[in-house]
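Down below is the structure, laid out as structure tokens.
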Amino acid sequence: MTETELRLERWHGSGIAERMDELADLRMTVFREWPYLYDGDIDYERRYLQYYVDSPRAFALLVFDGERPIGATTAMPLADEAEAMKEPFRTAGFDINRIYYNAESVLLPAYRGRGLYRTFFRERETLARSYGDYDWITHCAVQRPDDHPMRPQDARPLDDVWRHFGYERRPDLMASFPWRDIGDTEETDKPLLFWLKAL
């Protein structure tokens, strides 16, 4: 199956509710991998994804191989995100109403390396620019210690990829967000470091 035979669906705001369970399944599958190690459940997912349904400018791009969802990317105005994600920008003096947030990009392993990641960035940035009232676009990544016991030997950060797309690592912009790791019984806060790009 080539990339040209894959089907893309674009959803906005309340329409995302129609694909909430597909998004949840992809997130729970892909985010079990390093470095997120996310032990997800559908109730947590539905609560989280409700942020998108409630945001008129939220965006979800889903990729299908036939009828099977194999990847997705999401984005929304930072102002509509959880308070924990907005706080670092407020503290640093940013106007959060001028920032668009690239939330997730998830692809099943067999579909990586086909250029879809580039498509995800292009779609979100094009949409953010089309609104005309965002100065910045951002995303974040969980920070794990180098000696974490579940770190794969061949693990490589995506820093060079994000720099290639024009994003700057911003250690001064750090958030904390909770989820349950694989093997844990309770949620714990995870540090998230933001990357920023001028639109």
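See the values below:
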item	result
Output for the range 111-127, where each listed residue is touching an Asp or Glu at 6+ places or on another chain (Cβ under 7 Å) and open to solvent by 30 Å² or more (accessible area, probe 1.4 Å)	Arg114
Lone unmet requirement of (1) surrounded by 12 or more Cβ atoms within 10 Å (Cβ to Cβ); (2) closer than 25 Å to Tyr48 by Cβ for Asp184	(1)
Among the candidates Arg180, Arg156, Arg169, Arg129, residue that is of a type in the set (D, E, K, R) and within 21 Å of Ala72 (Cα to Cα)	Arg129
Residue satisfying condition, being within 23 Å of Arg156 (Cβ to Cβ) and not small (Gly, Ala, Ser), within set Arg98, Arg46, Arg90, Arg27	Arg27
Wholly enclosed helices (runs of 4 or more DSSP H) of the range 1-110 bearing at least 3 residues open to solvent by 50 Å² or more (accessible area, probe 1.4 Å) and in contact with a helix residue (DSSP H, G or I) (Cβ under 7 Å, 6 or more places away or on another chain)	42-53
Qualifying residue in the range 130-149 (condition: open to solvent by less than 50 Å² (accessible area, probe 1.4 Å), assigned to a helix (DSSP H, G or I), touching a strand residue (DSSP E or B) at 6+ places or on another chain (Cβ under 6 Å) and farther than 27 Å from Tyr44 by Cα)	no
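The values are calculated or read from the model by the stated rules, or taken from the named source; none is laboratory data. Keep in mind it's a predicted model, so treat the numbers as computed, not measured. Here Cβ is always computed from backbone atoms with ideal geometry, including for glycine, and neighbour counts include all displayed protein chains. What goes into the accessible areas is simple: the full protein's heavy atoms, side chains included, and nothing from ligands, DNA or RNA. Shrake-Rupley method; radii C 1.70, N 1.55, O 1.52, S 1.80 Å.
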